[in-house]
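Here's the structure, in structure tokens; my notes come after.
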Amino acid sequence: MTEKDPEVHVEEDDDELDSKLNYKPPPQKTLQELQELDKDDESLAKYKKSLLGDAPVVADPTVPNVTVTRLTLVCASAPGPITMDLTGDLDALKKETYVLKEGAEYCVKIHFKVNREIVSGLKYVQHTYRTGVKVDKATFMVGSYGPRPEEYEFMTPLEEAPKGLVARGNYRNKSFFTDDDKHDHLTWEWNLAIKKEWTE
């Protein structure tokens, strides 16, 4: 693994890891408070501008700060897009099964918006179960983002779907979009079938 490769699998529970590292996120500040801080610090002003942009963001206070809009399994060999809409009925996703061909290379792409305040340490966590037993946990560090009208996109590193007779079958995934402050921005469940062929 090189320095640039993101940390993918975290075996320990995140709360355990945080307590071992004695990490405590700083107290949350409003966007206005952050803009007022250290106005004379040129490097900090540049950083804030890169995070917040030029224009002031005006957002509806009733909208959640982070909105996750969709998840796509990006796979060049797939016969069509494999996308789930996360703005509608999340219970309906539990009834759908998305198909991935064994051995296919794919990435997970997540689209999300930050509406009001800077959010730090966003992460995407996925627990995978087969016949009720957890078989995998993946944690992807997404990063820190400021509010803006446009959506952000995050893409995980390229992975290969499991292959072979034993790997084929149905998997249930529980996905979480969370942050350093332990805010649960979205939790949803979805099903994935690993098959020998796309249209089996």
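The values are calculated or read from the model by the stated rules, or taken from the named source; none is laboratory data. Just so it is clear, the model here is predicted, and its values are computed rather than measured. Here Cβ is always computed from backbone atoms with ideal geometry, including for glycine, and neighbour counts include all displayed protein chains. The accessibility values were calculated without ligands, DNA or RNA, using every heavy atom of the protein model including side chains. Shrake-Rupley method; radii C 1.70, N 1.55, O 1.52, S 1.80 Å.
Can you tell me which residue among S120, S77 is open to solvent by 40 Å² or more (accessible area, probe 1.4 Å), more than 22 Å from the chain's Cα centre (by Cα) and either of a type in the set (G, A, S) or modelled with pLDDT of 85 or more (or both)?
From the options S120, S77, the qualifying one is S77.
What about K109, is it at negative phi, among the basic types (K, R) and modelled with pLDDT of 95 or more?
Considered against the rule, which asks whether it is at negative phi, among the basic types (K, R) and modelled with pLDDT of 95 or more, K109 comes out as yes.
Scanning the range 123-133 for residues that are under 26 Å from C75 (Cα atoms) and over 12 Å from the mean Cα position of the chain (by Cα), which turns out most open to solvent (accessible area, probe 1.4 Å)?
Step by step, filter the range 123-133, then rank; the result is T131.
So which residues in the range 185-200 are assigned to a strand (DSSP E or B) and either free of Cβ contacts under 8 Å to residues at least 24 places away in the same chain or among the hydroxyl-bearing types (S, T, Y) (or both)?
Scanning the range 185-200 gives a single hit, T187.
Say whether the condition of being aliphatic (A, V, I, L, M), in contact with a Leu (Cβ under 8 Å, 6 or more places away or on another chain) and assigned to a loop (DSSP other than H, G, I, E, B) is met by at least one residue in the range 163-184.
Checked the range 163-184: no residue is aliphatic (A, V, I, L, M), in contact with a Leu (Cβ under 8 Å, 6 or more places away or on another chain) and assigned to a loop (DSSP other than H, G, I, E, B).
Do we have T178 as among the β-branched types (V, I, T), closer than 17 Å to V66 by Cβ and open to solvent by 40 Å² or more (accessible area, probe 1.4 Å) here?
No: the conditions fail for T178.
How about the range 155-166: which of its residues are over 14 Å from the mean Cα position of the chain (by Cα) and either of a type in the set (D, E, K, R) or exposed (fewer than 14 other Cβ atoms within 10 Å of the Cβ) (or both)? Even if it seems obvious, please write down each step before you answer.
Step one: list which residues in the range 155-166 are over 14 Å from the mean Cα position of the chain (by Cα), which gives 158-166.
If the condition is that a residue be over 14 Å from the mean Cα position of the chain (by Cα) and either of a type in the set (D, E, K, R) or exposed (fewer than 14 other Cβ atoms within 10 Å of the Cβ) (or both), then L158, E159, E160, K163, G164, L165, V166 are the ones that fit.
Condition (residue is under 19 Å from the mean Cα position of the chain (by Cα), assigned to a loop (DSSP other than H, G, I, E, B) and surrounded by fewer than 16 Cβ atoms within 10 Å (Cβ to Cβ)) applied to the range 134-146: is it met by at least one residue?
Going through the range 134-146, the residues under 19 Å from the mean Cα position of the chain (by Cα) turn out to be 136-146.
Still in the running and assigned to a loop (DSSP other than H, G, I, E, B): 146.
Still in the list and also surrounded by fewer than 16 Cβ atoms within 10 Å (Cβ to Cβ): none.
No - not one qualifying residue is present in the range 134-146.
Being open to solvent by less than 90 Å² (accessible area, probe 1.4 Å), outside any loop (DSSP other than H, G, I, E, B) and modelled with pLDDT of 95 or more: is that true of L34 here?
no
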